[in-house]
Amino acid sequence: MKKKINEYDEVPYVCQAIPNTNPCHLALCSMWAGGPRAPIDSYRVMELGCGDGTNLIALAFYHPNSTFVGVDGSSVQIEMARTCAAALKLSNIRFEDADILELEQYNFSHFDYIIAHGVFSWVPENVRTAIFEFCQQKLSRNGLAYISYNTMPGWAMRGVVRDALLRNKMVRIATVRQKAEVAIDVAHKLREELPDCENAYSALLDSELKRVPECTPSYILHEYLEPYNTPFWFRDFVHRAQSHDLAYIIDAQFCRKEGQSNSASLSEAYGKTNSIEQEERIDVLHQRYFRASILCRKEARQSARQQPLDSTQILHNVFLAAFFTTDSDPFILRDDVPEYLEGESTVMLDESITKAALLILSRNWPHGKSFGELYEESLDFLKQHDCQPKKDALKILEKEILTMFKAGQIEFRLSSYQHHMDTIQGADKMPKATPLAQIESETKDMLTSAYHSSVLLVPHDKEVIQLADGTRSEKEISSIHPEFEQRLQVLRHWGFVK
């Protein structure tokens, strides 16, 4: 029987890569929290609610030794995913137009990673139960599940805006394709009618109403105007998972504090967290509105280490990546001279070894370096600039890198993707964009990197990618427009052009 057309068929959700769903990132999070050691190569991934496949296709493209399955109830989006995968000739991925309640008929084998991003809060109760049951039944022994959801108390005021929009007559009678535009108009009018005062309620409501027109139409429709959108208290979510023999490990955003208001004390508070109750209390104090929890099977959590691995040991077994800028001219490398760098947030440094390390990482961005390699290069850098590091420079760098990682200012990666970089560095003088970059540049505003991050396309990028088809030399492409040469080098550095 033909499926009923749903709102995701009429207005597909605009998808992009979700960095925190990268299996290597999930494995790192579990390692940090003393959870099970999931594989970081030749793994199996399932994404529930995969949309048009953007998130999963990029993973499949960059990880040919692993296999991927995407499931979604939107026939239109699944067809888009299949078309893209076929164009890329990916043999390690498949998509199923299926309801989460009917997955038993597919006889799926076990998965090392199960992803459910933007699904749990947006479906009815029986589907949430089915998600938990699928994870419990289909996770491999050391498998990890990623489930994101809206969170209380931060989502409370956003929920007020949602209810106000849904209760508005003009929104109710609008067609699916018109609803977002009408909702934006309603939000504008509500802001205009807000009392001209500085009370806390008006300030909160104004900030949430202001957010509506800043969102894309597809986001407004599927976030604010869906029939289901249920936020959860963190502790309640964990208890529900436990009732299905699933154990909470850590938040996938623990080192990237998304989903809450900013606070100078936030990183320090998270660093001291060691219980579910404490995490929820921090959610209350910092107005958290979104979470992405990593779960595993109960028995896997019990058999894994009960205490996190030593953070310094982890530091010496990962690759580091970061990007900072500075307005200092000259930039003073000497110890005890404060220098400020801008990255995810402002960083103040007064240790010469750390200053050198961050400059080196920034020049190498987006690629990573091992800690040992970074330390040796930092020493050489200081020597070249006649700057003598302290005797305990190694310990200083270890401590400050770990502090910045916990604050979300430096990335830790379990893989360097060196095999990918070798191909780029050996590129000839006839640039050719990768198949994934070619397809994404035609249909999206962003490209997905080997590090599973979204890179915004800036002016001239699309033209350069189109010209880089392997038939023109660098000189020919660069001669067409004054800015093409610089954009070509940037795209090559990211690995989008070989």
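Since every read-out is calculated from the coordinates, none of them should be taken as a lab result. Computed from a predicted structure; not experimentally measured. As a convention, Cβ positions derive from the backbone with ideal geometry for all residues, glycine included, and neighbour counts pool all protein chains shown.
So the label point goes 7 Å from the Cα of Glu125 along Cα→C-beta, right? Which residues of the range 224-239 then have their backbone N under 15 Å from it? Answer for the range 224-239: 228-232, 237. Placing pseudo-labels 7 Å out from each Cα toward the beta carbon at His316 and Tyr106 gives an inter-label distance of 4.3 nm.
Each residue of the range 446-453 was assigned a 3J(HN,Hα) from its phi angle through the Karplus curve 6.51 cos²θ - 1.76 cosθ + 1.60 (θ = phi - 60°); the sequence is 9, 10, 9, 8, 5, 8, 6, 10 Hz, with glycine and proline shown as x. Protection proxy ranking for 461-471, 327-337, using the average of other Cβ atoms within 10 Å per residue and placing the highest first: 461-471, 327-337. Mean separation of Cα pairs under 8 Å and 6 or more residues apart, divided by the residue count, gives the range 428-467 a relative contact order of 37 percent. Of interest is the spacing of the C-alpha centroids, which for the range 30-54 and the range 428-485 amounts to 29 Å.
Label zone (Arg235, point 7 Å along Cα-to-C-beta; backbone nitrogen cut-off 15 Å) within the range 275-294: 275-285.
Where nothing but the Cβ of Lys and Arg (+1) and of Asp and Glu (-1) is charged, how large is the charge dipole of the range 152-254 around its Cα centre, in debye to the nearest 20?
On the way: 13 positive and 15 negative charges, 76 e Å.
The dipole magnitude comes to about 360 debye.
The protection proxy used here, the mean number of other Cβ atoms lying within 10 Å of each residue, ranks peptides 483-496, 161-174 as follows, highest first: 483-496, 161-174.
Say the cut-off is 22 Å between C-alpha atoms; which of Lys369/Lys462; Lys169/Lys189; Lys89/Lys444; Lys475/Lys498; Lys444/Lys498; Lys89/Lys432 go over it? Flagged as over cut-off: Lys369/Lys462. Between the amide H of Ile93 and those of Phe68, distances stay under 5 Å, these residues lying 5 or more places away or on another chain, with hydrogens modeled in the peptide plane.
Output the peptides 103-112, 76-85, 144-153, 117-126 sorted from most to least packed, where packing is the average of other Cβ atoms within 10 Å over each peptide's residues.
On the way: 103-112: 14.1, 76-85: 20.0, 144-153: 23.5, 117-126: 17.6.
Result, highest mean Cβ count within 10 Å first: 144-153, 76-85, 117-126, 103-112.
Placing +1 on the Cβ of every Lys and Arg and -1 on the Cβ of every Asp and Glu, with nothing else charged, gives the chain a dipole about its Cα centre of roughly 1100 debye. The candidate values were (1) 52; (2) 34; (3) 24; the one computed from these coordinates for percent of Cα pairs over 41 Å apart carries the label (3). What separates the Cα centres of the range 293-342 and the range 63-78 is a distance of 32 Å.
Residues whose amide H lies under 5 Å from that of Val318, counting only those 5 or more places away or on a different chain, are Phe371; hydrogens are built 1.01 Å from N in the peptide plane.
Kindly list the residues of the range 47-74 that lie in the label zone of Lys89, defined by a backbone N under 20 Å from the point 7 Å along the Cα-to-C-beta vector. The answer is 57-68, whose backbone nitrogens lie closer than 20 Å to the label point. Helical runs (DSSP H, four residues minimum) scored at -39500 (n - 2.57) apiece and divided by the length of the chain put the mean residue ellipticity at 222 nm at -13000 deg cm²/dmol.
Modelled spin labels at Glu214 and Lys390, positioned 7 Å past Cα toward Cβ, are 3.9 nm from each other.
Here the Karplus curve 6.51 cos²θ - 1.76 cosθ + 1.60, taken at θ = phi - 60°, turns the phi angles of the range 178-187 into couplings of 9, 4, 5, 4, 5, 4, 4, 5, 5, 4 Hz, with x standing for Gly and Pro.
Over the range 319-413, calculate the relative contact order: mean separation of alpha carbon pairs under 8 Å at least 6 apart, over the residue count, as a percent. Don't skip to the end; give the middle numbers.
Values: 138 pairs, mean separation 33.8, N = 95.
For the range 319-413, the relative contact order is 36 percent.
Overall shape of the range 319-413 was characterised from the C-alpha gyration tensor. The equivalent ellipsoid obtained from it has semi-axes of 18, 15, 13 Å, in decreasing order. Near the amide H of Ala252, within less than 5 Å, lie the amide hydrogens of Ala292, Ser293, Ile294, all on another chain or at least 5 residues away, with H placed in the peptide plane. Each Cα pair under 8 Å and six or more residues apart adds its sequence gap; the mean of these over the residue count of the chain is a relative contact order of 15 percent.
Just to confirm my numbers, what's the Cα centroid distance between the range 199-236 and the range 89-157 in Å? Using only Cα atoms, the two centres lie 23 Å from each other. How much of the calculated P(r) for the range 122-181 lies past 14 Å, in percent of all Cα pairs? Cα-Cα pairs of the range 122-181 separated by over 14 Å account for 72 percent.
Starting from 0.36 nm per residue, how many nanometres of slack lie between Asp245 and Asp350 once their C-alpha separation is accounted for? Intermediate results must be reported in sequence, preceding the final value.
On the way: separation 105, 0.36 × 105 = 37.80 nm, distance 4.82 nm.
Gain in length upon complete extension: 33.0 nm.
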